[in-house]
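Asker: To start, I am sharing the structure in question, which I have written as structure tokens.
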Amino acid sequence: MTAVGNLDMAVIPTAVAVASETDPDTVYQVQLPYCPCKDWRYRRAHFDGDFSSLFCKHLRTALERVSGWHSAPPAPEVHAPLTHVEVKELLQGSKVGFQPREANGVLARAAANEIAEFRTRLTGGPLVDGTVEFNRLHGTYRVTIVR
Ligand SMILES: [Zn+2]
């Protein structure tokens, strides 16, 4: 872009650097309306007419910064208290897709710390974020999944 005299107007930037939430060493150079991340490429490739499904976290952040645009975050999916067997089935099911060893690892972290966060990617699919909370008193687990 070249300067054209002293135009007395606000220019809305379209290039925004957005730090990755999971990897502090990664910064995505978002060039609206494009994001260089894998999640965005997946969303674009699988666009089904639902406009809101197009935006990855970085695009949402970039749009919020340049325009004050706010979108409703995806509603988390909260599961009622689950037993150990039920929570393993959920983590290894189609919504999260963990291998048994990964599910055991998350459950062990939840049992040790009362809460364990996880992030995974379904095969060829979008990122899945979630938490497993362990209730020591009742020996139950509560799972929250955010896509
Ligand atoms: Zn992105």
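Asker: Exposure proxy check: Ile115, Ile145 ranked by fewest other beta carbons within 10 Å?
Answerer: Listing Ile115, Ile145 from fewest to most nearby Cβ atoms yields Ile115, Ile145.
Asker: Mind telling me which of Ala110, Ala15, Ala45 comes out most flexible in a GNM of the chain, alpha-carbon contacts under 10 Å?
Answerer: Among Ala110, Ala15, Ala45, the largest mean-square fluctuation in the Gaussian network model of the chain belongs to Ala45.
Asker: Quick check: the distance between the Cα centres of the range 81-147 and the range 26-69, to the nearest angstrom?
Answerer: 27
Asker: Now, a different point. Taking only the alpha-carbon positions of the chain and ignoring solvent, what does the Debye formula give for the base-10 log of I(q)/I(0) at q = 0.21 Å⁻¹?
Answerer: Values returned for q = 0.21 Å⁻¹ are -1.26.
Asker: May I ask you to list the lysines whose Cα is less than 21 Å away from that of Lys57, ignoring any residue fewer than eight positions away on the same chain?
Answerer: Correct list for Lys57: Lys38, Lys95.
Asker: Across bins of 10 angstrom width beginning at 0, how are the C-alpha pair distances of the range 100-147 distributed, in whole percent?
Answerer: Bins of 10 Å from zero give 27, 52, 18, 3 percent of pairs.
Asker: Further, regarding this structure: Nearest 500 deg cm²/dmol is fine: what mean residue ellipticity at 222 nm does the chain get from its DSSP H runs of n ≥ 4 alone, each adding -39,500 (n - 2.57), divided by its residue count?
Answerer: Calculated mean residue ellipticity at 222 nm is -8500 deg cm²/dmol.
Asker: In degrees between 0 and 90, to the nearest 10, how far off the longest principal axis of the chain does helix 57-67 point, with axes built from Cα atoms?
Answerer: Long axis of 57-67 versus the principal axis of the chain: about 40 degrees.
Asker: Quickly work out the Arg101-to-Ala80 label distance, labels modelled 7 Å from Cα along the C-beta direction, and quote it in nm with one decimal.
Answerer: 3.5
Asker: Now for a different question. Using a Förster radius of 41 Å, what is the FRET efficiency between Tyr34 and Thr140 based on their Cβ-Cβ separation? Nearest 0.05, please.
Answerer: Efficiency for this residue pair is about 0.40.
Asker: Cut-off is 10 Å between beta-carbons; in what order do Tyr141, Tyr42 appear when sorted fewest neighbours first?
Answerer: Numbers: Tyr141 24, Tyr42 16.
Placing the least packed residue first, the sequence is Tyr42, Tyr141.
Asker: By count of other Cβ within 10 Å, fewest leading, how are Cys56, Cys37 ordered? Write down the numbers at each step before the final one.
Answerer: Values: Cys56 23, Cys37 19.
If I rank by nearby Cβ atoms, fewest first, I get Cys37, Cys56.
The numbers here are math on the coordinates, done by the rules we state, and not lab data. Source: prediction; values computed, not measured. When we count neighbours, we look across all protein chains shown, and the Cβ atoms used for this are built from the backbone with ideal geometry, even at glycine.
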